[in-house]
Amino acid sequence: MLNFKFHFDELKLKIYYCFFSLFTSFSISYFFAPNLISILSYPFLKFVRNGDSDFIFTNIFEVFITYYTLALYSCLFFNIPLCLCFIFDFLKSGLFEYEKKNLFLFFKFFVFSVLCSSLFVYYIIFPFLLSFLLTLDLITDTNFIFIKMETKIYEYIVFLCKSLFFYCFIIFQIPLLFFIFIYFKQPTFQYMIEKRKLWILFCLIVGCLFSSPDLLSLLIISVPLLLFFEIFIFFIILKYNYKNVSSLFQRVA
């Protein structure tokens with residue numbers, strides 16, 4: 001009973017830490033929302049003229065809602081790894097030593113993947129996506145119609161935040177599944193080799209669905225997934241051959 005009370009108190013403390021972190025990060029993000037908007041608007045401003053770089057809003061609450069939404073997204077983005085760290089710290093007392101090492105390895109890979117994928121999306125995917133959706137001439141002036149793009153700040157921020165979340169926490173977390181496959185040994189090595197063509201097709205489909213409809217954007221998303229899969233297969237082959245050679249030497253000795 002005392003042991004249960006101790007773990008229950010520890011769980012409550014971790015939950016308090018999570019809520020405090022969420023509140024603090026949300027407040028800081030809301031206070032620095034204009035600075036965050038300036039950072040997120042950089043990929044867009046490279047494609048517009050100096051006189052056309054202003055965002056607009058059409059509702060008196062739109063700027064407030066934009067700041068609130070951006071603060072919420074940034075709060076979740078920074079606190080998801082932190083909350084996972086609290087969960088790991090709470091669970092590690094009931095795990096074996098090898099389970100702690102494996103779980104900590106998964107957590108480190110998750111954080112590393114989020115950081116790398118966020119930079120990859122911000123500096124590579126977003127510019128290619130915007131270059132397809134936008135043109136250098138954003139003003140169309142003919143004898144019949146005059147069209148000028150005026151981007152709403154809320155729609156642009158929501159679009160970037162949703163895309164960043166989707167790529168960082170879903171698409172580029174697929175390699176983490178490989179480590180889980182290794183840990184549980186399912187599916188088997190032979191199955192992965194036999195279904196390699198299906199995985200290549202899956203990567204190409206993911207690239208088609210979540211990139212702008214041009215070949216270069218498709219390759220930017222598909223090639224990293226394919227490359228990681230091939231590296232994964234290569235290391236499994238090395239591990240499999242090492243075990244076979246080791247067992248052969250043991251039999252000879």
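The values are calculated or read from the model by the stated rules, or taken from the named source; none is laboratory data. Everything numeric in this text was worked out from a predicted model, so none of it was measured. All Cβ positions, glycine included, derive from the backbone under ideal geometry; neighbour counts span all protein chains shown.
Restricting to helices (runs of 4 or more DSSP H) lying wholly in the stretch 27-106: which have 1 or more residues that are more than 18 Å from residue 152 (Cα to Cα), in the same structural domain as residue 162 (by TED's automatic domain parsing) and in contact with a Lys or Arg (Cβ under 7 Å, 6 or more places away or on another chain)?
By residue number, 62-91.
Name the one entry in 16, 67 that is surrounded by 15 or more Cβ atoms within 10 Å (Cβ to Cβ) and either more than 27 Å from residue 184 (Cβ to Cβ) or touching a strand residue (DSSP E or B) at 6+ places or on another chain (Cβ under 7 Å) (or both).
Just one listed residue meets the conditions, 67.
Condition (residue is of a type in the set (S, T, N, Q), within 30 Å of residue 3 (Cα to Cα) and in contact with a His (Cβ under 9 Å, 6 or more places away or on another chain)) applied to the stretch 79-93: is it met by at least one residue? Even if it seems obvious, please write down each step before you answer.
The first filter runs over the stretch 79-93 and keeps only residues of a type in the set (S, T, N, Q), leaving 79, 93.
Those left that are additionally within 30 Å of residue 3 (Cα to Cα): 79, 93.
This time we only want the ones that are in contact with a His (Cβ under 9 Å, 6 or more places away or on another chain), so: 93.
Yes: one or more hits.
Quick one: would you say residue 229 is under 21 Å from the mean Cα position of the chain (by Cα), part of a helix (DSSP H, G or I) and at pLDDT below 75?
Numbers: under 21 Å from the mean Cα position of the chain (by Cα): yes; part of a helix (DSSP H, G or I): yes; at pLDDT below 75: no.
So residue 229 does not fit the description; no.
Condition (residue is modelled with pLDDT under 75 and on the phi > 0 side of the Ramachandran plot) applied to the stretch 177-186: is it met by at least one residue?
yes
Out of 112, 104, 88, I need the residue that is surrounded by fewer than 13 Cβ atoms within 10 Å (Cβ to Cβ), within 22 Å of residue 174 (Cα to Cα) and of a type outside the set (Ser, Thr, Tyr). Which one?
When all the criteria are applied, what remains is 112.
Residue-wise test of (1) loosely packed, with under 15 Cβ neighbours inside 10 Å; (2) among the hydroxyl-bearing types (Ser, Thr, Tyr); (3) at pLDDT 85 or above; (4) out of contact with any Cys (no Cβ under 8 Å at 6 or more places or on another chain).
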| site | (1), (2), (3), (4) |
| --- | --- |
| 76 | no, no, yes, yes |
| 93 | yes, yes, no, yes |
| 96 | yes, no, no, yes |
| 99 | yes, no, no, yes |
| 128 | no, no, no, yes |
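Any chance the stretch 50-63 includes a residue that's out of contact with any strand residue (DSSP E or B) (no Cβ under 7 Å at 6 or more places or on another chain), surrounded by 13 or more Cβ atoms within 10 Å (Cβ to Cβ) and at pLDDT 85 or above?
So far as the stretch 50-63 goes, yes, one or more of its residues are out of contact with any strand residue (DSSP E or B) (no Cβ under 7 Å at 6 or more places or on another chain), surrounded by 13 or more Cβ atoms within 10 Å (Cβ to Cβ) and at pLDDT 85 or above.
Considering the stretch 3-28 alone, what residues qualify as being within 24 Å of residue 94 (Cβ to Cβ) and among the β-branched types (Val, Ile, Thr)?
Scanning the stretch 3-28 gives a single hit, 15.
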